[in-house]
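Worksheet: the structure to be examined is printed underneath.
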Amino acid sequence: MKQIVAEHEIAHALTAMSTPLIRYISCVTLTELKEESRGEFKFDFGDDQLTDGDVVAHFAVSIAGPIHQLHHHPETVSEDIKNMIDSEGGLLKAYWWLHQNKPSSQFNWHADFQQWRSFNLHYNGFSYAPYYEVESALSTWFMQSAISECIADLSELLQRENTIEGEYLRGLNISMLPPLNLPTQLLPSGIMRL
C-alpha cells in the first residue's frame, strides 16, 4: 500500500510540476502511522491570488492522485465509486452523488474530496463540461508510458526519503515529458482566492 500512496501523491506533484503552479510547490510527504501509509502534497500560495489558468491547474492537481489511482490501481478503489463513475459520467459527479446520497460509502480520498467540495461551493456544482475535460486530459496523460515511468521513479524516491521538497521538484527537468493539455478556465473569467 505504501507504493500506491506514494504514487498517488507523486501524481499530484507531477501534475503541479507540469503547470504554472510549479512555483508554489512546497513538498510531498509520506508517513507511516500504525502500519498505515499516508501521504500529503502541499502548496504554499502565500498571499497570491490565482488567475483563471491557475485555478484550472489547481483543480487538476486536486484530482490527479485519484485519477492516477483509478487507472493504475483500480483494485484499491471502492466498487461504489467505480459504479457511480460509470453511471454519473466522471469522478467528481460520482463522488458528489455518493457524498450526498450514500455518506457511509468507503471514501479513501478524504483530503482530496475536501478540495473538491471547495470548488463545488465556489463554482456551484460539478455539472460544467470543463470539469470533465480536466478529468479526461489527466486520464489521457497518465496513460502515457513516459508519465508512468516518471511517477514510478519519483514514488520510489519518496518511499526512500519520506519527503521531497519543492525546491528539488522545481529543479527537475521535465521538458521531455508529454505536455498536460488543460482547458484555460473552468467558468467565466474571474479570480478566486484559495
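The values are calculated or read from the model by the stated rules, or taken from the named source; none is laboratory data. All values reported here derive from a predicted model rather than from experimental measurement. Cβ: placed from backbone, ideal geometry, glycine included. Neighbour counts: every protein chain shown.
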Worksheet item: Restricting attention to region 136-153, does a residue exist that is more than 26 Å from Lys93 (Cβ to Cβ), in contact with a strand residue (DSSP E or B) (Cβ under 9 Å, 6 or more places away or on another chain) and of a type outside the set (S, T, N, Q)?
Response: no
Fill in: Selection count, region 40-69, where residues are under 25 Å from Thr184 (Cβ atoms), in a helix (DSSP H, G or I) and not hydroxyl-bearing (Ser, Thr, Tyr)
16
Worksheet item: Hey, which of the helices (runs of 4 or more DSSP H) in region 78-158, taking only ones fully inside, have at least 2 residues that are of a type in the set (A, V, I, L, M, F, W, C), more than 15 Å from the chain's Cα centre (by Cα) and modelled with pLDDT under 75?
Response: 91-101
Worksheet entry | Scope region 33-51; condition under 22 Å from His8 (Cβ atoms) and under 20 Å from the mean Cα position of the chain (by Cα); matching residues | Ser37, Arg38, Gly39, Glu40, Phe41, Lys42, Phe43, Asp44, Phe45
Discussion item. Kindly evaluate Asp54 against the criterion of being over 14 Å from Gln159 (Cα atoms) and either modelled with pLDDT of 90 or more or of a type in the set (Lys, Arg) (or both).
Written reply: no
Response to the item:
Pairing a residue in region 137-158 that is farther than 20 Å from Gly39 by Cα and free of Cβ contacts under 8 Å to residues at least 12 places away in the same chain with any residue that is surrounded by 15 or more Cβ atoms within 10 Å (Cβ to Cβ) and basic (Lys, Arg), where Cβ atoms lie under 7 Å and the two sit 6 or more apart in sequence or on different chains, gives none
